[in-house]
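S.K.: Encoded as structure tokens, here's the structure I'll be asking about.
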Amino acid sequence: MAQTAINSPTDVVDFLVSKHEQIKSLFAETLSASGKGRERAFVELRRLLAVHETAEEEIVHPRVKRKISNGAAVVGELLHEEHESKAVLQKLEKLDVDSEEFTRQLTELRDAVVDHAEHEEQDEFAKLGEELSGDELERMGRAAKLAEAVAPTRPHAGVESQVANLVAGPFAAMLDRARDAIIGKG
Ligand SMILES: [Fe+2]
Ligand SMILES: [Fe+2]
């Protein structure tokens, strides 16, 4: 029924922006916690980033590249930023979460991810509503919501407390699982 569909061009943008807000609050939660609490928040942050960035890379960026004026240049920049963040995350997951180095690098990563989100909102999302048709926006919104809902990157209930890190796996493996789920459903 129409109630669950994307009803206006801004819905897909609102959805993606709400993910940016969730990512920002998980950075704050991770930075303010310590020990096991910080480990748990960091696992959740990695999961959210893996699913969100993969959904953008598979669903949003390709359409922007094809359909938006100057899209290829905008997307090239964004992909570069995403690539850099992934490299930092892979370094971070090898560090002790309570070390100063972890806090320093996570703070830098937060600043980079916040900048990246602003670039997307200004240079990419804002143009979607202006340049894509209602149908295209609706299809993209559905695909993005489905992708973020199905990506099975969360460990099974019951095992997550003991071995959250182990079950969640490294960030690279989360990205692979998110991509499989998203492409499979696309
Ligand atoms: Fe992104
Ligand atoms: Fe994003």
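The values are calculated or read from the model by the stated rules, or taken from the named source; none is laboratory data. Just so it is clear, the structure is predicted and the values come from calculations on it, not from any experiment. Counting neighbours? That spans all protein chains shown, and the Cβs are built from the backbone with ideal geometry, glycine included.
S.K.: Which of the following residues is within 11 Å of ligand 1 (Cβ to nearest atom) and closer than 15 Å to A172 by Cα: E77, E53?
M.R.: E53
S.K.: With the condition kept exactly as written, say whether any residue in the stretch 73-82 is farther than 18 Å from E121 by Cβ and part of a helix (DSSP H, G or I).
M.R.: No.
S.K.: Is one or more of the residues making up the stretch 4-19 closer than 18 Å to V97 by Cα, acidic (D, E) and over 13 Å from the mean Cα position of the chain (by Cα)?
M.R.: For the stretch 4-19, residues closer than 18 Å to V97 by Cα, acidic (D, E) and over 13 Å from the mean Cα position of the chain (by Cα): absent.
S.K.: Can you tell me which residue within the stretch 22-77, out of those that are polar (S, T, N, Q) and modelled with pLDDT under 90, is farthest from the chain's Cα centre (by Cα)?
M.R.: S69
To keep it simple, each residue is scored yes or no on (1) more than 11 Å from ligand 1 (Cβ to nearest atom); (2) on the phi < 0 side of the Ramachandran plot; (3) among the charged types (D, E, K, R).
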| site | (1), (2), (3) |
| --- | --- |
| H83 | no, yes, no |
| E101 | yes, yes, yes |
| F125 | no, yes, no |
| G141 | yes, yes, no |
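S.K.: Which residue pairs have Cβ atoms closer than 7 Å, lie 6 or more positions apart in sequence or on different chains, and pair a first residue in the stretch 33-58 that is on the phi > 0 side of the Ramachandran plot with a second residue that is modelled with pLDDT of 90 or more and of a type outside the set (V, I, T)?
M.R.: Filtered contacts from the stretch 33-58: G35/D98.
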